[in-house]
Amino acid sequence: MGILAGKQVVLGVSGGIAAYKSLLLVRALEKEGAGVHVIMTEHATNLVSPRLFRELSGNPVSTTMWGDVTNHHVAHIALATLADVFMIAPATANIIGKIASGIADDMLSTTITATTAPVVIAPAMNTNMFCNPVVQRNLQTLRDLGYHVVAPDAGELACGTVGAGRLPDTDVLVFAAEQALAAGLLRGKRVLVTAGGTREAIDPVRYIGNRSSGKMGYAIAREAARQGAQVTLVSGAEALPDPAGVEVVRITSAREMEAAVAARYETTDIVIKAAAVADYRPAEVAAQKIKKEANEEAPTLQLVKNPDILYGLGQKKTHQILVGFAAETENLLENAAKKIAKKNLDMLVANNVAEPDAGFNTDTNRVTFLFRNAEPEELPFLSKDEVAERIIRSVAELAKAR
Ligand code: CTP
């Protein structure tokens, strides 16, 4: 469970074709442990029945200021106060225009005027409407006032046109709600995370790899983005979907990872190297698949050293905060302390991969944080998402102290 657990989301649904997708959003928010309270505009009720939202959310659905359908006392104020986060999805040009001009003439526009909770606006409409300068100006007004505006997806729209205006997928909307709720610990920072294992080719079909799943690095990238950072994830993991709000650069080998990281290092504030980089690669990559017949004897694989990417970054460090990982099977603290000095790191996350519930391909981890100038911090047994939260909190402290 993440940041939405136990939180109250007031979800405004205005009258766009995408209103039916908000039903899925209700489910997704509930899956995160949030309570959902829906307000529909009158136009929206012509597209989707309020009953559906009531059934899915388990809460009364407000559609008017004057009905007696609600159990809330002075309903719009009660809902405005109840909200930990307020979302409007889909947001039509009409509701966007009203909010931007301070018009409060129905239940949704009135409640939103009365809330002090962070507000997420997800515009969805015809492309020409979305591109209309007045709509764009209104969205900019809202952004300037601190509203979280989610960029719509581009694609084929219900009206037959192709372009920007589609309501983004549910996971993007849930992520936007999480971002709005988070404290913004890394707002304005550029963060580079590496994740997964590298694959070093032997021939066109074989490689040397390792058992890293990339889960830890992906959780860190997600949390950094949630805390407002601009995040690039250089990933060797193949099986994981791109996290919302993160730029993903896919690589295969250690040398590709090195190049991807080097290209961005100068403009990066924080580097977190969770990837399991192969220390060696085959000296030569066979151009064709190595065949049995050609090798009476078992072939010998000649290896050469890969660059130690993190070591290289440590040597070139100027303003960056560098965080490394250490996978150890024995003498964890001693080995980790050596690594922090040798690689010129600001922080090292050491995990004992000998434990069955920690390290590669698990959802949990047992880690110890080491710092350059502070005592080690041994964390309890946690999920990788929780470890990611702790890492980002510590990194934010380091960044603040700069
Ligand atoms: N790392 C790297 N490039 C490499 C090897 C490792 O950037 N060629 C980074 C990893 O991403 C990780 C850290 O270095 O953040 C530590 O990796 P680890 O494998 O634990 O240690 P090594 O430095 O390789 O030392 P050893 O294998 O002796 O434990």
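Can you give me the Cα centroid spacing of segment 115-156 and segment 172-219 in angstrom?
28 Å
Under 1.5 on a/c is rounded, so check that first for segment 94-199, then, if it is not, pick prolate when a/b is larger than b/c and oblate when it is not; a ≥ b ≥ c are the square roots of the alpha carbon gyration tensor eigenvalues.
Note, shape of segment 94-199 comes out oblate.
Using the number of other C-beta atoms within 10 angstrom as an exposure proxy, rank Glu293, Glu32, Glu258 with the fewest first.
So the ranking, lowest neighbour count to highest, is Glu293, Glu32, Glu258.
Here is the link list: Lys273/Lys400; Lys273/Lys316; Lys215/Lys400; Lys189/Lys343; Lys273/Lys384. Which ones come out longer than 18 Å on Cα distance?
Table pairs above 18 Å Cα-Cα are Lys273/Lys400; Lys215/Lys400; Lys189/Lys343.
Run through the DSSP bridge list for the chain and note the antiparallel percent, rounded to the nearest 5.
Taking every DSSP beta bridge with both residues in the chain, the antiparallel ones total about 30 percent.
Sort out for me the Cα centre separation of segment 250-294 from segment 1-69, rounded to whole Å.
46 Å
In what sequence, highest mean first, do 330-343, 259-272 appear when ranked by Cβ atoms within 10 angstrom?
259-272, 330-343
Could you list His148, His76, His43, His319 so that the one with the fewest beta carbons within 10 Å of its beta carbon is first and the one with the most is last?
Lowest to highest Cβ neighbour count: His319, His43, His148, His76.
When Val248, Val277, Val193, Val10 are ordered from fewest to most other Cβ atoms inside 10 Å of their Cβ, what list results?
Val248, Val277, Val10, Val193
According to the square roots a ≥ b ≥ c of the eigenvalues of the Cα gyration tensor, what is the shape class of segment 1-135, taking rounded for a/c under 1.5, prolate for a/b larger than b/c otherwise, and oblate for the remainder?
The shape class here is rounded.
Throughout, read-outs are computed from the coordinates displayed, never taken from laboratory work. All of these numbers come straight from a predicted model, not from anything done at the bench. When we count neighbours, we look across all protein chains shown, and the Cβ atoms used for this are built from the backbone with ideal geometry, even at glycine.
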